[in-house]
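Have a look at the structure below before the remarks.
The values are calculated or read from the model by the stated rules, or taken from the named source; none is laboratory data. Keep in mind it's a predicted model, so treat the numbers as computed, not measured. Ideal geometry is used to build each Cβ from the backbone, glycine not excepted, and the neighbour counts take in all protein chains shown. Side chains are part of the model used for accessible areas, which takes the heavy atoms of the whole protein and leaves out ligands, DNA and RNA. Shrake-Rupley method; radii C 1.70, N 1.55, O 1.52, S 1.80 Å.
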Amino acid sequence: MPHKVNVQSLPEDIALRITSKLTLKEAARTSVLSSVWKQACVFHPNLYFGIETEHGGHAKGEEVRSDPSKRMLTMSKFIERVDAILKNHCGMQVNKFAVKFGLSTKHTKHINRWFSFAIASKARAVILNLSPNRNPFTYDDNYAFPFQLFDGQNGSYLHVLQLESVTLGPSPDFCGFANLKILDLHFVILLQDLRQLLSKCCVLEWLSIRRCFELSSLCVPEPLCRLQYLRLQNCAFRSIEFHAPNLTTFEYKGSPALMNFSKCLKLKTAAIWIDVTNTLKYMLTGIPSILPNVETMHVELLIRNEMFGFIWFPLKFISLKHLTMELTCWGNTKSVFQLAYLLEAAPLLEDLHFEMLGLDPISSRPVGMVDIMDLLHYHLKTVCITGFCGNDGQVELAKYILKNALMLDHLILKLGGDKGCTSRVHEIYGRKEAKERLAPLARDGVVSIL
């Protein structure tokens with residue numbers, strides 16, 4: 001017979017522990033059980049106020065966005081609800097304080113009051129996302145982050161700061177976040193030199209900057225000795241420079257920029273999405289000089305055209321061992337075959353995975369191997385081509401690998417793409433081409449057709 005537990009009579013420390021695992025809305029429902037549970041709700045450590053709790057689904061959210069009167073009413077109700085909850089909260093032991101709602105500069109006094117509560121409660125993580133129900137490209141009425149509230153001892157408890165759709169104004173006298181470890185900026189308007197702010201975040205470990213369109217240069221010569229992760233996406237960078245001796249992971253999405261990571265000797269993992277016409281050539285000639293020590297890399301490329309007159313490598317990936325490439329191929333079959341240059345560009349490569357999209361199995365022109373000289377490779381062990389459809393470029397690339405990769409153990413041909421983009425006709429044709437043109441060239445068990 002299972003033992004029955006009366007939740008209404010649980011000790012206060014147990015009730016506190018249970019409510020801390022619940023969302024704020026779920027914890028509020030338990031307050032009706034007893035005075036102990038009501039008191040436990042007052043001590044909830046994670047305060048999240050979001051648009052989801054004001055109006056249910058996406059359709060209603062769109063209705064509120066398009067109707068100014070409903071939007072104003074919703075804002076007023078949201079502000080009242082946040083104020084009421086904070087008034088009843090004990091103001092202690094707050095771990096995370098988050099607001100996700102479409103507010104602007106005219107709500108400054110309310111947001112500042114909430115920030116003051118977060119500071120007084122010594123919140124370790126503060127998240128402010130003001131983009132819901134707003135156009136993120138409308139900057140004129142952005143709320144300005146109140147650096148003055150976090151100055152001195154007030155900012156010393158903060159470990160995580162995430163900001164979206166706000167403005168960072170000048171803060172020449174701001175002394176910095178002494179213990180900030182994570183900084184995430186998204187759709188943020190920067191009216192100050194970000195270098196000054198970063199130089200005052202001496203223990204920063206994780207930095208993400210996305211869609212901050214005014215940011216064209218990010219050169220931080222001062223050492224960020226604790227920084228381990230850096231993500232830069234969809235900005236307008238022309239130059240990037242970091243002195244981060246313990247940086248291990250870098251993610252970049254955008255146009256080519258001048259980058260200097262020469263003082264980041266521990267940078268071993270990278271993910272790159274480059275917006276440039278000749279992406280394969282840029283990867284073979286531009287990226288090795290930027291990331292010479294990287295061992296694991298993920299690259300997303302759009303291959304439009306064949307590279308003409310490309311026969312040598314000024315620099316190589318001297319440390320690269322694991323490479324994953326997501327390729328959208330709009331060019332002819334020759335451009336796919338030119339991926340064989342990777343064997344020369346990365347002499348220590350061990351694992352190579354292609355995810356190919358957009359290919360037609362029927363070649364538009366014949367492909368030969370006369371342009372790429374055979375070059376033996378002594379480290380490549382596993383190659384996987386996902387989205388294999390029997391395209392001549394794919395077949396010739398696989399043949400080149402079988403011929404030149406002396407240590408090859410596995411050539412895996414996945415007929416269906418991981419993203420489900422390959423048709424049944426492509427799969428049938430791909431299986432036929434793999435069996436007839438590739439399997440006979442390999443040792444037993446090397447070629448796998450999935």
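Overview of results
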quantity: From the options 347, 245, residue that is touching a His at 6+ places or on another chain (Cβ under 9 Å), open to solvent by 10 Å² or more (accessible area, probe 1.4 Å) and at pLDDT 90 or above; calculated: 347
quantity: Among (1) over 14 Å from the mean Cα position of the chain (by Cα); (2) open to solvent by 30 Å² or more (accessible area, probe 1.4 Å); (3) of a type in the set (Phe, Trp, Tyr); (4) within 19 Å of residue 160 (Cα to Cα) - the single one residue 213 does not satisfy; calculated: (4)
quantity: Some residue of segment 395-407 being assigned to a loop (DSSP other than H, G, I, E, B) and modelled with pLDDT of 90 or more; calculated: yes
quantity: Near pairs, Cβ below 8 angstrom, 6+ apart or cross-chain, from segment 214-229 (on the phi > 0 side of the Ramachandran plot and in a loop (DSSP other than H, G, I, E, B)) to any residue that is of a type in the set (S, T, N, Q) and open to solvent by less than 70 Å² (accessible area, probe 1.4 Å); calculated: none
quantity: All positions within segment 373-405 that are touching a strand residue (DSSP E or B) at 6+ places or on another chain (Cβ under 8 Å) and of a type in the set (D, E, K, R); calculated: 381
quantity: Per-region count, segment 253-280, residues hydroxyl-bearing (Ser, Thr, Tyr) and buried (at least 21 other Cβ atoms within 10 Å of the Cβ); calculated: 1
quantity: Pairs where the first residue, in segment 330-352, is without any contact (Cβ under 8 Å) to a residue 60 or more places away in the chain and farther than 14 Å from residue 303 by Cα and the second is in a loop (DSSP other than H, G, I, E, B) and hydroxyl-bearing (Ser, Thr, Tyr), C-beta under 7 Å, 6+ apart; calculated: 348/319
quantity: Among (1) of a type in the set (D, E, K, R); (2) open to solvent by 60 Å² or more (accessible area, probe 1.4 Å); (3) in contact with a Cys (Cβ under 7 Å, 6 or more places away or on another chain), the one test that residue 181 misses; calculated: (3)
quantity: Sole residue being closer than 23 Å to residue 179 by Cβ, at pLDDT 90 or above and open to solvent by 20 Å² or more (accessible area, probe 1.4 Å), chosen from 95, 46, 112; calculated: 112
quantity: Residue match in segment 417-437 (condition: open to solvent by less than 80 Å² (accessible area, probe 1.4 Å), within 25 Å of residue 296 (Cα to Cα), out of contact with any Leu (no Cβ under 6 Å at 6 or more places or on another chain) and not hydroxyl-bearing (Ser, Thr, Tyr)); calculated: yes
